[in-house]
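Data first, discussion second: the structure below is written as structure tokens.
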Amino acid sequence: MKKLIFPTLLLLLCGCTREVSPVSAMALDKDDTGCRLTAEVVRQDTPEDSASPAYLSVSGEDMPGLVEALGNLLPDELYLSHAQVLLISEEVAQATILPLADYLCQNQDVRLSLRVAVVRGDSADEMLKSDEEVFALGELLDHAADTGTLPDMPLYRAAEALHADGTAILPALSMDEFGQATPAGTAVFANERLSCFLDGSEIGGKKDA
Amino acid sequence: MDDITFTTDLDANVRVMQDIFRGDNTFVTRYAESPKGLRCAVFFFDGMVNGIAINQSVIRPIVCSDLCRSDADVLAQTVLQVNDSRVEPDINKMFASFLYGDTVVFTEGDARPVVVNTKGFAMRSSSEPENERVLSGPREGFTECFMPNLALIRRRMNDKRLKFTFLRVGKRTNTVVCLCYLAGVCEGSLVSRLRRRLEALEIDSVLDSNYIYERIRDHRYSVFPTMGTTERPDVVASRLLEGRCAIVVDGSPVVLTAPFLMQECFQSNDDYYVNFLQANLSRVLRLAGFVFTITFPAVYIALLMYHRELLPARLLFAISAAQRGVPLPAGWETFLFLLVLEALKEAGARTPGAMGQTMSIVGGLVLGQAAVSARFAAAPTVIVVAIAGVTGLMVPKLQTATLWLRFFLLAMGAAFGLYGVGLGSGLVLARLCHMRSCTVPYLLNLVPRVAAEQEDAWLRAPWFFMRYNRFPLKRHDKREDVR
């Protein structure tokens, strides 16, 4: 009888889990209060439905505060483990991104394979909302890395490079004339800040020349 | 029975017998008297004896005898025309034989009875055991009759070293139990150990071999079997050849074998009658099936509750969507559905014939579908439980272990995640390492020491590779090559 008590107690303890709201991608922009974090949350209410994105935005001063505020918006558990992409705007990239990279690396929910990309021209928030498919941006960046169109720089490699000498290259994306995300070369970081973009036009003069 | 005494007075002996069996309408007394004056009394139980044998071999010889008087020895040796008759001065043995279908004959002037083997009760014919069917190979199975069962074993082993030792167990039922072994192949200490255990049994009745099994096996509270059970004579013969002992119990078609090793749980009769490649694939599948059935629900719950990051994204979305709106937490939901599965299995097993199959199918399909539609349960949980249920049927010898370990690991997984599943599995493995069956380590041969021991452990080697013809338990015996 005593042997039965232990498994019974274990069973009684196993009821406390919250439903999850998985985040597939995030976008970080500058705004008046400091930063604005937009998360693409995957919604799928029934198994028959297809997964569709929903967007949540919060403003704040730093990344930890933003993630916490975002979690407070939802009744479910904000789940970052399946986030594949973090888009950062040019303004954010022009400030130092090392604290951001460190925070993401230390967050146990965030995968080190998260891809960080810099959005050229437009806001990161707009680009995130440009596609109605979940994981479309992640697949675009994976494919571009496989084919060599964009640098293969997941979070851990970028953080390592920034820590080494403050320089790194990150993939850059921009919106095309149809409002879709498209590869836009490489964002070059020096002293932990965005220095310039390289898109191939630098070699042999401008494309339209 | 100790206070019963017979005298040389035949009528007095008849009165004693009739007093003992007063109220039993199957008890028959028959006087037989020859014209010359030989007078005997024949006792038997109606329905237990072969009437033709009594008429032709007992009564007719007495009635036609030329003797006017005869003692028990002469009666047994010269008058009665049967192949098996003896003078039995031991009252207890006489009654044991009499109650088991033998005929007792008293003669005037001798207090000693003659016991004549006239057993002739109805019994079913040998057929293939329902739960040990094979695709090819022998199809004979044991029945509830004792001697025919021993004959089935001896017919397969024409070896003078094959021994059958009889014991009687059960104060009320006085059941005959046979200890069967191959002298010189089976360790003497094993035979004496099992004999001691059987002789030490303090038990009123033995109606099936399980009465004995639970009492004499090692680790009596373990969920893992420490004695083998089979209804097939070919399996018993094979185990005797490997140096094991068999225990045949009168009235039970199930024969016990000892020692029993873990590897035997994954062996099937078919393994030895089909091509070794096919047999080995099946054996690996059974092993994987056992691991799968006890760990799958636990791993599912652990992943869902503690390690969602290990799930592929789209699978997580699908499971999360399915879980939405389900009232119970996933752990409890899985636990309850496993209980429902066991209830369905039990109902299917207890319901007769085709109705049982229908019940299982209807119960499984309709209940599962309805539970998902009504949001009582999530579809992935139903799938996990169904897969665990199906794979659990692959190793019937470990059904008890499967049932309990599945719940134990589920509790560990629900409480501690994958670490709990690992810890629970480690505890089970440690326990298995500690276990012994008749002093033989339970996991013997699963850890390779000598190549020869591996010939039929994890996998079955082809017959032409088996150098020692599978005698793993006694390695120093002189063996002959099978080539």
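The values are calculated or read from the model by the stated rules, or taken from the named source; none is laboratory data. Just so it is clear, the structure is predicted and the values come from calculations on it, not from any experiment. All Cβ positions, even for glycine, are placed from backbone atoms using ideal geometry, and neighbour counts span all protein chains on display.
Restricting the search to the range B:337-354, which residues are surrounded by fewer than 16 Cβ atoms within 10 Å (Cβ to Cβ) and not in a loop (DSSP other than H, G, I, E, B)? Full working, then the answer.
Step one: list which residues in the range B:337-354 are surrounded by fewer than 16 Cβ atoms within 10 Å (Cβ to Cβ), which gives B:339, B:342-343, B:346-347, B:349-354.
Those that are surrounded by fewer than 16 Cβ atoms within 10 Å (Cβ to Cβ) and not in a loop (DSSP other than H, G, I, E, B): B:LEU339, B:GLU342, B:ALA343, B:GLU346, B:ALA347, B:ALA349, B:ARG350, B:GLY353, B:ALA354.
Would you point out which residue out of B:LEU409, B:LEU418, B:LEU403 is touching a residue at least 60 places away in the same chain (Cβ under 8 Å), assigned to a helix (DSSP H, G or I) and either within 22 Å of B:SER320 (Cβ to Cβ) or in contact with a Phe, Trp or Tyr (Cβ under 8 Å, 6 or more places away or on another chain) (or both)?
On the way: B:LEU409 fails: either within 22 Å of B:SER320 (Cβ to Cβ) or in contact with a Phe, Trp or Tyr (Cβ under 8 Å, 6 or more places away or on another chain) (or both); B:LEU403 fails: either within 22 Å of B:SER320 (Cβ to Cβ) or in contact with a Phe, Trp or Tyr (Cβ under 8 Å, 6 or more places away or on another chain) (or both).
Among B:LEU409, B:LEU418, B:LEU403, only B:LEU418 is touching a residue at least 60 places away in the same chain (Cβ under 8 Å), assigned to a helix (DSSP H, G or I) and either within 22 Å of B:SER320 (Cβ to Cβ) or in contact with a Phe, Trp or Tyr (Cβ under 8 Å, 6 or more places away or on another chain) (or both).
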Total residues in the range B:204-217, condition crowded, with 18+ Cβ neighbours inside 10 Å and assigned to a helix (DSSP H, G or I): 5
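Would you confirm whether any residue within the range A:104-120 is closer than 17 Å to A:VAL23 by Cα, of a type in the set (Asp, Glu) and touching a residue at least 40 places away in the same chain (Cβ under 8 Å)?
Going through the range A:104-120, the residues closer than 17 Å to A:VAL23 by Cα turn out to be A:104-105, A:107-117.
Now drop any that are not of a type in the set (Asp, Glu), which leaves A:109.
Add one more test, that the residue is touching a residue at least 40 places away in the same chain (Cβ under 8 Å), and what stays is none.
No, the conditions are met nowhere in the range A:104-120.
Scan the strands (runs of 3 or more DSSP E) fully inside the range A:14-89 and keep the ones with 3 or more residues being within 13 Å of another protein chain (Cβ to nearest Cβ) and out of contact with any Cys (no Cβ under 9 Å at 6 or more places or on another chain). Give the derivation first.
Details: elements: A:20-31, A:34-43, A:52-60, A:77-79, A:85-89.
Counting at least 3 such residues, we get A:20-31, A:34-43, A:52-60, A:77-79.
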Residue satisfying condition, being charged (D, E, K, R), in a helix (DSSP H, G or I) and under 30 Å from B:ASP456 (Cα atoms), within set B:ARG286, B:ARG314: B:ARG286
Residue that is farthest from the other protein chains (Cβ to nearest Cβ) [pool: residues in the range B:421-440 that are surrounded by fewer than 21 Cβ atoms within 10 Å (Cβ to Cβ) and either in a loop (DSSP other than H, G, I, E, B) or of a type in the set (Asp, Glu) (or both)]: B:THR439
Every pair of residues 6+ apart whose Cβ atoms lie under 9 Å, when the first sits in the range A:16-43 and is at positive phi while the second is modelled with pLDDT of 90 or more and assigned to a strand (DSSP E or B): A:GLY34/A:SER59
Pairs with Cβ under 8 Å, 6+ apart, first in the range B:359-379 and more than 14 Å from chain A (Cβ to nearest Cβ) and over 20 Å from B:LEU328 (Cβ atoms), second buried (at least 16 other Cβ atoms within 10 Å of the Cβ) and of a type in the set (Lys, Arg): B:SER360/B:LYS345
Residue that is surrounded by the most Cβ atoms within 10 Å (Cβ to Cβ) [pool: residues in the range B:80-115 that are acidic (Asp, Glu) and under 23 Å from B:CYS68 (Cβ atoms)]: B:ASP110
Per-region count, the range A:44-75, residues free of Cβ contacts under 8 Å to residues at least 12 places away in the same chain, surrounded by 13 or more Cβ atoms within 10 Å (Cβ to Cβ) and closer than 23 Å to B:ILE319 by Cβ: 3
The range B:96-107 residues that are modelled with pLDDT of 90 or more, paired with ones that are in a loop (DSSP other than H, G, I, E, B) and not acidic (Asp, Glu) (beta carbon under 6 Å, 6 or more apart): B:ASP102/B:ASN117; B:THR103/B:THR118; B:VAL104/B:PRO113; B:PHE106/B:PRO113; B:THR107/B:SER70
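Conditions (1) in a loop (DSSP other than H, G, I, E, B); (2) over 13 Å from the mean Cα position of the chain (by Cα), marked per residue:
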| residue | (1), (2) |
| --- | --- |
| B:HIS219 | yes, yes |
| B:SER222 | yes, yes |
| B:THR226 | yes, no |
| B:ASP234 | no, yes |
| B:SER238 | no, yes |
| B:GLY243 | yes, yes |
| B:ALA246 | no, no |
| B:PRO253 | yes, no |
Single condition B:TYR272 does not satisfy, out of (1) at pLDDT 90 or above; (2) under 27 Å from the mean Cα position of the chain (by Cα); (3) not hydrophobic (A, V, I, L, M, F, W, C): (1)
Pairs, first farther than 21 Å from B:ILE153 by Cα in the range B:171-192, second assigned to a helix (DSSP H, G or I), C-beta under 8 Å, six or more apart: B:ASN174/B:ALA96; B:ASN174/B:LEU99
Which listed residue, of A:ALA145, A:ALA159, A:ALA164, is away from chain B (no Cβ under 14 Å), of a type in the set (A, V, I, L, M, F, W, C) and touching a helix residue (DSSP H, G or I) at 6+ places or on another chain (Cβ under 8 Å): A:ALA159
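Each row is one residue, and each column tells you yes or no for (1) farther than 23 Å from A:VAL41 by Cα; (2) within 9 Å of chain A (Cβ to nearest Cβ); (3) touching a residue at least 40 places away in the same chain (Cβ under 8 Å).
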| residue | (1), (2), (3) |
| --- | --- |
| B:TYR306 | no, yes, yes |
| B:GLU309 | no, yes, no |
| B:ARG314 | no, yes, no |
| B:GLY325 | no, yes, yes |
| B:ALA330 | no, yes, yes |
| B:GLU333 | yes, no, yes |
| B:LEU339 | yes, no, no |
| B:LEU344 | yes, no, no |
Subset of the range A:47-85 that is out of contact with any helix residue (DSSP H, G or I) (no Cβ under 7 Å at 6 or more places or on another chain) and closer than 21 Å to A:ARG193 by Cβ - its residue that is modelled with the highest pLDDT: A:LEU66
Selection status of B:GLU242, free of Cβ contacts under 8 Å to residues at least 24 places away in the same chain, of a type in the set (Asp, Glu) and surrounded by fewer than 23 Cβ atoms within 10 Å (Cβ to Cβ): no
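The rows are residues; the columns are (1) at pLDDT 90 or above; (2) within 26 Å of B:THR226 (Cβ to Cβ); (3) part of a loop (DSSP other than H, G, I, E, B).
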residue: B:SER136; (1), (2), (3): no, no, yes
residue: B:ARG155; (1), (2), (3): no, no, no
residue: B:THR165; (1), (2), (3): yes, yes, no
residue: B:LEU179; (1), (2), (3): yes, yes, no
